[in-house]
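Contents: one structure, followed by commentary.
The values are calculated or read from the model by the stated rules, or taken from the named source; none is laboratory data. Model, not experiment: these values are computed from the prediction. Here the Cβ positions follow ideal geometry from the backbone for every residue, glycine too, while neighbour counts run over all protein chains shown.
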Amino acid sequence: MQQLEKAAIDDKSYSLEDWRKGYESQYQELEYLIEDVEGEIPLDLSGTLYRNGPGLLEVHGTPLRHPFDGDGMICAFTFENGSCFFRNRFVKTKEYLEEQKAGKMLYRGVFGSQKPGGWLANLFDIRVKNIANTNVIHWGNKLLALWEAAFPYTLNPENLDTIGLDNLDGILQQGEVFSAHPRIDPHSQFNDDKPSLINFGIKPGPSSTINIYEFDELGKIIQKYSHETRGFCFIHDFVITPNYCIFFQNPTTYNPLPFVFGLRGAGECLDFDGTKPTKIILIPRNAPHDKVVTLETEAGFIFHHSNAFEINNNEIVVDSICYAELSQIDPNNSYKEVDFDKLAPGQLWRFKLNLSTKTVTKELINNRCVEFPYINSENVGGDYRYIFIGATDHPTKNAPLQGLLKIDLVTKEEQLYSFAPKGFTGESVFISKNNPQSEDDGWILSLIYDSSQNRSNLVIFDGKDISTPIATLYLKQHIPYGLHGSWKGN
Ligand code: CO
């Protein structure tokens with residue numbers, strides 16, 4: 001028995017000690033030309049990769065209960081003529097500045113970070129902090145830092161200075177929010193076949209409202225519509241097709257009392273209810289948007305979708321990273337002590353929605369634990385072949401993400417590049433080349449944390465073959481594990 005346990009330990013591709021070093025705060029705001037480069041930066045890679053994620057994992061000495069509560073820090077990697085300039089800045093939200101001035105934590109975090117002083121200090125304090133830490137996107141001449149429970153913050157795209165909270169020219173009304181997962185329809189039928197940005201915001205309650213916003217390429221609103229659904233909604237991401245916005249309403253219940261009474265964070269009051277089905281809500285993008293179709297499938301929990309496409313008028317495919325349940329962090333233990341073996345793994349599933357028979361079938365595409373899918377932007381909402389996704393080193397066991405996995409959905413072939421044992425990954429961004437010859441003809445940019453040097457590297461791969469990086473750009477410092485980002489071409 002002892003030998004078996006030892007074998008299981010030796011089997012790990014990582015050590016928890018190495019992994020948790022990537023969750024140390026980065027206080028510095030830097031800007032420099034990256035000079036330590038191995039390989040060649042492609043000359044025709046021209047534009048800026050923006051990334052967002054929690055930069056501080058404590059607030060003036062009070063550690064966060066959950067990294068999702070950390071103040072948003074934006075990194076910009078600007079490529080031109082085979083070189084790359086790095087810059088990082090915190091999003092100077094109102095709450096961040098107030099806490100800087102006070103020199104202490106003033107706000108509770110949604111995911112359970114409490115002010116010091118126990119429950120009494122947190123009693124009835126239901127103010128939440130807009131941490132603007134989840135995604136960053138350039139659209140309609142604005143650079144927006146996104147967090148799903150509030151308005152976006154606009155930043156200066158050149159120097160990352162914070163400009164301020166943005167209601168998007170009055171489109172977001174008081175009390176509305178703008179999610180961190182907008183989708184770009186590359187050829188919108190509602191914008192003369194030009195690209196459009198579609199995003200949603202959830203107003204949760206016993207009955208929840210899903211607001212949907214579609215913007216043209218200049219950031220002007222094309223249409224805004226909404227749908228009310230019964231029950232509490234925790235929806236982080238969605239997918240689009242030419243004719244639908246598709247939402248998976250995971251079966252969760254919400255009891256806000258422990259939050260109001262200062263005992264738990266708002267996010268910790270969310271409970272997964274495995275006895276109820278997941279509702280799949282298809283909202284037509286065509287006015288008057290009232291022919292909403294709701295289907296049901298087994299319980300499960302989804303943060304991120306890969307893509308969706310229509311096969312014909314009656315059939316839609318949705319590919320998603322699905323968990324058997326929502327894993328909560330043990331309230332008596334730091335997230336840094338997490339036992340990955342005890343967490344539900346996230347795996348890639350394909351859902352087939354039949355709108356005539358109102359049935360859903362699902363199929364596991366891949367056994368490996370994966371998260372943060374990214375695809376060629378030209379294929380969003382349409383049939384597609386390749387997914388680039390963060391993956392574990394081990395083919396089946398749950399673990400931190402340490403690899404980049406390319407999945408060919410047609411041949412089912414896979415290619416994995418692993419940074420184990422010392423490197424840790426997250427989301428990678430795919431950038432199509434000019435005049436691409438195929439869907440995977442582009443570059444992949446992966447920001448990885450190298451625990452052996454306690455610094456981060458930006459690694460560039462060729463999308464056609466990820467067996468060896470084209471270039472590795474060594475930063476002077478580490479970037480704490482981030483969430484999402486996007487590319488703005490020149
Ligand atoms: Co996300």
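Among residues of region 437-464 that are farther than 24 Å from residue 18 by Cα, those with a Cβ under 8 angstrom from a residue that is aliphatic (A, V, I, L, M) and part of a loop (DSSP other than H, G, I, E, B), sequence gap 6+ or separate chain, pair up as 443/45; 443/470; 444/466; 461/470; 462/470.
Taking strands (runs of 3 or more DSSP E) as the structural unit, those lying wholly within region 18-106 and holding at least 2 residues that are more than 19 Å from residue 469 (Cα to Cα) correspond to 31-33, 47-54, 72-80, 83-90. Scanning region 371-380 for residues that are among the hydroxyl-bearing types (Ser, Thr, Tyr) and within 16 Å of the ligand (Cβ to nearest atom) gives a single hit, 374.
Counting only strands (runs of 3 or more DSSP E) wholly contained in region 283-324, the ones carrying 1 or more residues that are within 16 Å of the ligand (Cβ to nearest atom) and surrounded by fewer than 22 Cβ atoms within 10 Å (Cβ to Cβ) occupy 301-310, 315-323. Listed conditions (1) closer than 16 Å to residue 455 by Cα; (2) surrounded by fewer than 19 Cβ atoms within 10 Å (Cβ to Cβ); (3) not basic (Lys, Arg) are all met by residue 55, apart from (2). Annotation note: Cβ proximity below 7 Å between a residue of region 358-382 that is in contact (Cβ under 8 Å) with a residue 12 or more places away in the chain and a residue that is within 16 Å of the ligand (Cβ to nearest atom) and assigned to a loop (DSSP other than H, G, I, E, B) (sequence gap 6+ or interchain) occurs for 369/346; 370/346; 371/346; 371/401; 372/426; 372/427; 374/427. Taken over region 177-196, the criterion of being touching a Phe, Trp or Tyr at 6+ places or on another chain (Cβ under 7 Å) and away from the ligand (no atom under 16 Å from the Cβ) is satisfied by 196 alone. The number of residues in region 370-398 being crowded, with 20+ Cβ neighbours inside 10 Å and modelled with pLDDT under 95 comes to 0. The condition of being surrounded by fewer than 20 Cβ atoms within 10 Å (Cβ to Cβ), of a type outside the set (D, E, K, R), touching a strand residue (DSSP E or B) at 6+ places or on another chain (Cβ under 8 Å) and modelled with pLDDT of 95 or more holds for residue 222. Being within 21 Å of residue 51 (Cα to Cα), at pLDDT 95 or above and surrounded by 16 or more Cβ atoms within 10 Å (Cβ to Cβ) is a property that holds for residue 404.
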